[in-house]
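Chemist: Provided herewith is a single structure, encoded as structure tokens, for subsequent inquiry.
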Amino acid sequence: MSIPTFDQILPIVKNWRQAHDAHLNSLAWLLINRDLNGRVRLILPKTESDRHSSWDNLASTLRQELGLHAYLPDRAMLLYETSFDIARQGAAHWKLEGFANTWVVDRLATEGDWASIAPESEGTPRFVFFSIKGGVGRSTALAATAWRLAQAGKRVLVLDLDLESPGLSSSLLPSERQPTYGITDWLVEDLVGNADILIENMFATSELSHDGEIYVVPAHGAEPGEYVSKLGRVWMPKVDSDGVRESWSARLQRLLARLEDHILPDVVLIDSRAGIDEVASTCVTDLGAKLVLLFAMEGSQTWTGYRILFEHWRQRGVVEEMRERLQIVGAMLPELDQVDYLENLRDHGYELFAESLYDEIPPGEAFGERWHFEAADEVAPHYPWAVKWHRSFAGLRSLQGRLAAIDAQEVNSIFGPLINGLVETLGEID
């Protein structure tokens, strides 16, 4: 008999749940609690404690199947709680597929589980620039987009939330215009109630602004100071004197709301950390983005990474909350064979969306809230908005001077599909 590993926990639980369907269907709710170490125990309503021996027998069969991923005999495999909400204690949770009364509760070392999807913000539209891996020209594309929107008279708020690899602000602000503070400073000072004094000195306007304005909020201020020490604290929750806990992502949302109230932008552009980590999770799922731009380069790394993320959303049952807010961006199209390259991106994007996010209905048809685009449909979220590679935009360091000398026609030739798609989503531009 093989020893179960972490990836076999949920299949084992599903088989066990199905095998004991007649008994377990009588429960008001059942929680499959998976702790920080990946060990499973069951939590039932307290009203069921008088039938403990019966439930204990069922729990013992699950313990045998899970092996070391179950609580050992000297620890309780069964717990009883007065309510569902108390039992989950705010942890990530989702319904076990196929069972109306059974939920999986995941206790994670980090708070970013990618499956808690905030509704779209009601105020200023927010656009997140995200990539599963770095080096795809994401920050450069954001800077060019901010420039183009400002040329059209928009007030653009730009946030550098690539906190572990900051640099976007240097492409939009020369060193002498860098503000005193940045996002990390605010998050650290907020922990001790000292953040209000920073707002006025944590953004600056770019000289690249024309008819509109570009307001840049950097990851750190002009003098980074003890940046590594501050970075290790930004993810901390804030606990007030009454013991009320506010997660770091909720604190970041509060900061963004403060900045929007102060600056009154027409649009917010957010540069996210690449990869599947805490910061990226908050940017993509927690900030109420109108659209999340998924930068992609042709290759197995890109599609494997996005497949992991899409499958997570599908398993957690939040596909419908995310799929209409996603858009693939074809990043850094090569100078040669661009048509073939873009077609390959489109086909791989379609394959990914069809497997994980589109409904199982014929392509090109829609039934109520169910939909499935055709592979060649140019308005589909899997159809890439193209960004061409150009040697003059190959580095952020030279981008400040490059944008100062460029014209709208040249920007459009390189970033046109991306900017035009975003503008159409935004709904208006002069």
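The values are calculated or read from the model by the stated rules, or taken from the named source; none is laboratory data. These numbers come from a predicted model, not from an experiment. Here the Cβ positions follow ideal geometry from the backbone for every residue, glycine too, while neighbour counts run over all protein chains shown. Each accessible area value is taken on the protein alone, full model and side chains, heavy atoms only, with ligands, DNA and RNA left out. Shrake-Rupley method; radii C 1.70, N 1.55, O 1.52, S 1.80 Å.
Chemist: Mind putting a number on the dipole of the chain about its Cα centre? Charges go on the C-beta only, +1 for Lys and Arg and -1 for Asp and Glu, and I need it in Debye to the nearest 20. Before the final figure, lay out each step's value.
Modeler: Numbers: 39 positive and 64 negative charges, 235 e Å.
My answer is approximately 1140 debye.
Chemist: Just going by the charge dipole of the range 8-125, with Lys and Arg at +1 and Asp and Glu at -1 on Cβ, which of Ser60, Trp16, Tyr80 is farthest out on the positive end?
Modeler: Of the listed residues, the answer is Ser60.
Chemist: When the accessible area of the chain is split by element with a 1.4 Å probe, what percent falls to carbon and sulfur?
Modeler: The value for the chain is 48 percent carbon and sulfur by accessible area.
Chemist: Tell me which label goes with the value of Rg/Rh (Cα atoms, Kirkwood Rh) computed from the coordinates here: (1) 1.02; (2) 0.97; (3) 1.09.
Modeler: (1)
Chemist: Follow-up question, since we're still on this one. At a Förster distance of 25 Å, what's the computed FRET efficiency of Asp85 paired with Glu48, Cβ-Cβ distance as r, to 0.05? It would help to have the intermediate numbers written out before the result.
Modeler: Numbers: r = 17 Å, r/R0 = 0.68.
Computed FRET efficiency for Asp85 and Glu48: 0.90.
Chemist: Mind putting a number on the dipole of the range 132-185 about its Cα centre? Charges go on the C-beta only, +1 for Lys and Arg and -1 for Asp and Glu, and I need it in Debye to the nearest 20.
Modeler: Around 360 debye, computed over the range 132-185.
Chemist: Among Tyr306, Leu342, Gly364, flag the residue with its Cα farthest along the positive direction of the charge dipole of the range 305-370, charges on Cβ as +1 for Lys/Arg and -1 for Asp/Glu.
Modeler: Tyr306
Chemist: Express the accessible area of the range 213-255 per residue in Å², computed with a 1.4 Å probe while the remaining protein chains stay in the model.
Modeler: 53 Å²
Chemist: Same structure again: In terms of modelled amide H atoms, which long-range or inter-chain residues lie less than 5 Å from the amide H of Ala386?
Modeler: Gly330, Leu418
Chemist: Separate question: For every helix of n ≥ 4 consecutive DSSP H residues, a contribution of -39,500 (n - 2.57) applies; sum these over the chain, divide by its total residues, and give [θ] at 222 nm rounded to the nearest 500 deg cm²/dmol.
Modeler: Calculated at 222 nm, the ellipticity per residue is -10500 deg cm²/dmol.
Chemist: Antiparallel DSSP bridges in the chain: what percent, to the nearest 5?
Modeler: Details: 15 of 53 bridges.
Roughly 30 percent of the DSSP beta bridges within the chain come out antiparallel.
Chemist: Accessible area per residue for the range 10-146 in Å², computed with a 1.4 Å probe and the full protein assembly in place, what is it?
Modeler: 46 Å²
Chemist: Each label point is 7 Å from the Cα along the Cα-to-Cβ direction; what then is the distance between the points at Gln64 and Ala354, in nm?
Modeler: Using points 7 Å along Cα→Cβ, the separation is 4.5 nm.
Chemist: Need one number: nm distance between label points at Ser175 and Asn194, each 7 Å from Cα along Cα→Cβ, rounded to one decimal.
Modeler: For the pair Ser175/Asn194, the computed spacing is 2.7 nm.
Chemist: Need the C-alpha centroid separation for the range 38-111 versus the range 252-308, integer Å.
Modeler: 34 Å
Chemist: For the range 85-135, run through the GluC sites (Glu not before Pro) and keep only the ones in DSSP coil with at most 16 other Cβ atoms within 10 Å of their Cβ.
Modeler: Qualifying residues, ordered by number: Glu97, Glu120, Glu122.
Chemist: May I ask which residue of Pro384, Val158, Gly317 lies farthest towards the positive end of the charge dipole of the chain, with charges of +1 (Lys, Arg) and -1 (Asp, Glu) on Cβ and the Cα centre as origin?
Modeler: Gly317
Chemist: By average Cβ neighbour count within 10 Å, what is the ranking of 305-317, 263-275, 224-236 from highest down? Write out the running numbers ahead of the final one.
Modeler: Details: 305-317: 17.4, 263-275: 22.1, 224-236: 14.6.
Averaged packing, sorted descending, gives the order 263-275, 305-317, 224-236.
Chemist: Turning to a different aspect of this structure: Over the range 42-161, what is the percentage of antiparallel beta bridges among all DSSP beta bridges, to the nearest 5?
Modeler: Working: 4 of 8 bridges.
Counting only bridges with both partners in the range 42-161, antiparallel ones make up about 50 percent.
Chemist: Report the relative contact order of the range 215-343, percent, no decimals, based on alpha-carbon pairs under 8 angstrom and at least 6 residues apart.
Modeler: 17 percent.
Chemist: If I stretch the segment between Arg107 and Val339 completely, what's the gain in nm (0.36 nm per residue apart, minus their alpha carbon distance), one decimal?
Modeler: Details: separation 232, 0.36 × 232 = 83.52 nm, distance 4.58 nm.
In short, 78.9 nm is gained.
Chemist: Between Asn412 and Arg233, with labels modelled 7 Å along Cα→Cβ, what's the label distance in nm to one decimal, could you check?
Modeler: 4.9 nm
Chemist: Here's something else I'd like to know. Just subtract the alpha-carbon distance of Val244 and Glu369 from 0.36 nm times their residue separation and send over the number in nm, one decimal. Provide the component values of the computation, followed by the final result.
Modeler: Details: separation 125, 0.36 × 125 = 45.00 nm, distance 3.81 nm.
Residue separation times 0.36 nm, minus the Cα-Cα distance, leaves 41.2 nm.
Chemist: Still on this structure, I have one more. If packing is taken as the average count of other Cβ atoms within 10 Å, what order do 249-256, 383-390 fall into, highest mean first?
Modeler: Put in order of decreasing packing, that is 383-390, 249-256.
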